Amino acid sequence: DGLIRYESAGALRGGKTVWLLARMPSVDTIAEGDDTLRYVLFSTSHDGTAAIHAVPTSVRVVCANTLRIATAKDVGFRHTGDVKAKMEFARQYISQFDEKFTLFRDSARILATRQFSSDQAKDYINALFPEVTEAGRAKSIRERKVESVRSAYRADRQQMASIRGSWWALFNSVTESIDHDSRGTRGRDNRIRSENKMASVLDGQGAEFKAKAFDLALSMSN
């Protein structure tokens, strides 16, 4: 019915999984000069062995940070059966995404108006990346991740006048480091590493970590 527009598509793991990214029409302004867009990520297996999944995903415009929006449950649509009935069910299910996006927008606006202290920032980072006392690989990995967040926070996109020093800026420093720091992603070649990275940030450990970071920011900012 023209309410969403497909923007990109691709395949992972040699075509075993295919995906479509569709944009919904609304634009959410979190703070002046800082907008997020509403997307739905569709994915399925090319051979029909898996269901079609629809995932609401918010994208921050200034740095393409992504965040999977929480839904009550992960719903899939099988390829077999009454297609017409399933299309109607899918329409009703996806129509609920607007409400989820609005709840996220309202929470993000709260974060954009609340300032954090240096002690709060330290506690937030330590909660997400627990300190490692003994020297070794684990300590080095932790330090790299923390420095990645700090570097993202110092960037102009987190220092806009409308959000500087806010929990929204701090949270987006975390999501940016997860989405765009490719170090540590496993894979025997660049293509596989890129695919693994995409799967992680949209629907895997990276997505779960960003959701945890968002909930923690809301809790600590109260």
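The residues of region 119-144 that are under 18 Å from Asp215 (Cα atoms) and either among the aliphatic types (A, V, I, L, M) or open to solvent by less than 20 Å² (accessible area, probe 1.4 Å) (or both), listed by number, are Ala121, Tyr124, Ile125, Ala127, Leu128, Phe129.
Taking the criterion of being open to solvent by 20 Å² or more (accessible area, probe 1.4 Å), more than 18 Å from Asn65 (Cα to Cα) and among the hydroxyl-bearing types (Ser, Thr, Tyr), would at least one residue in region 100-112 satisfy it? No, region 100-112 contains no residue that is open to solvent by 20 Å² or more (accessible area, probe 1.4 Å), more than 18 Å from Asn65 (Cα to Cα) and among the hydroxyl-bearing types (Ser, Thr, Tyr). Restricted to region 25-129, the set of helices (runs of 4 or more DSSP H) holding at least 3 residues that are at pLDDT 85 or above comprises 97-113, 118-128. Is at least one residue of region 159-181 free of Cβ contacts under 8 Å to residues at least 40 places away in the same chain and over 25 Å from Thr29 (Cα atoms)? Yes, because at least one residue in region 159-181 is free of Cβ contacts under 8 Å to residues at least 40 places away in the same chain and over 25 Å from Thr29 (Cα atoms).
The values are calculated or read from the model by the stated rules, or taken from the named source; none is laboratory data. Keep in mind it's a predicted model, so treat the numbers as computed, not measured. Don't worry about glycine lacking a Cβ; one is built from the backbone with ideal geometry, like all the others, and counts go over all protein chains shown. Note: accessible area is taken over every heavy atom of the protein model, side chains too, but ligands, DNA and RNA are not part of it. Shrake-Rupley method; radii C 1.70, N 1.55, O 1.52, S 1.80 Å.
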